[in-house]
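The values are calculated or read from the model by the stated rules, or taken from the named source; none is laboratory data. Just so it is clear, the model here is predicted, and its values are computed rather than measured. FYI the Cβ positions are ideal-geometry reconstructions off the backbone, even for glycines, and counts take in every protein chain you see.
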Amino acid sequence: MTQSLPRGVRNRNPGNIDFSPANNWVGQSGKEPGGRFCIFDTPENGIRALGKLLQTYYNKHGLRTVTAIIKRWAPEVENDTSAYVRAVAQRCGLGPSDPIKNIKDEKILGGLVHAIIKHENANYEYPPAIFAEGLRRALA
């Protein structure tokens with residue numbers, strides 16, 4: 001992979017998930033040198049981790065709107081969270097405060113994952129087969 005690709009794509013971690021030794025993600029192969037983000041063995045496993053983390057936000061932390069999820073995902077201390085919320089909601093076809101009724105719905109989770117990947121990685125798009133497999137793993 002070339003250096004010109006976004007960091008999340010180079011690390012096969014399209015959600016830019018922070019490394020934590022407590023999280024033993026499937027396919028996690030370490031931490032970026034001198035940085036704070038996980039590296040995954042495949043983009044599918046990075047997409048899987050992103051989807052699994054969003055499900056944890058929903059199930060464990062009770063975050064049921066795009067606003068609530070993105071405020072946790074991208075805290076205001078290091079992001080323009082309002083702009084992030086607007087972008088994700090628009091890309092998902094949801095209002096920022098619309099209730100998410102079922103995070104395991106492939107369209108809902110897929111929309112959130114896709115929108116976060118685009119936002120985190122300068123509109124980068126994975127080939128459909130890679131994205132679909134990562135999402136399948138997240139929903140398994």
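Only one entry of ILE17, ILE69, ILE39 meets the criterion of being more than 22 Å from GLY110 (Cβ to Cβ), touching a helix residue (DSSP H, G or I) at 6+ places or on another chain (Cβ under 9 Å), surrounded by 17 or more Cβ atoms within 10 Å (Cβ to Cβ) and not basic (Lys, Arg), and that entry is ILE39. In region 43-59 there is no residue matching the filter, namely being acidic (Asp, Glu) and surrounded by fewer than 17 Cβ atoms within 10 Å (Cβ to Cβ).
If you take the residues of region 22-36 that are of a type outside the set (Ser, Thr, Tyr) and more than 18 Å from PRO6 (Cβ to Cβ), which of them is surrounded by the fewest Cβ atoms within 10 Å (Cβ to Cβ)? Top of the filtered list is ALA22. Checked against the criterion of being touching a strand residue (DSSP E or B) at 6+ places or on another chain (Cβ under 6 Å) and at pLDDT 95 or above, the candidates ILE39, ILE47 yield just one match: ILE39.
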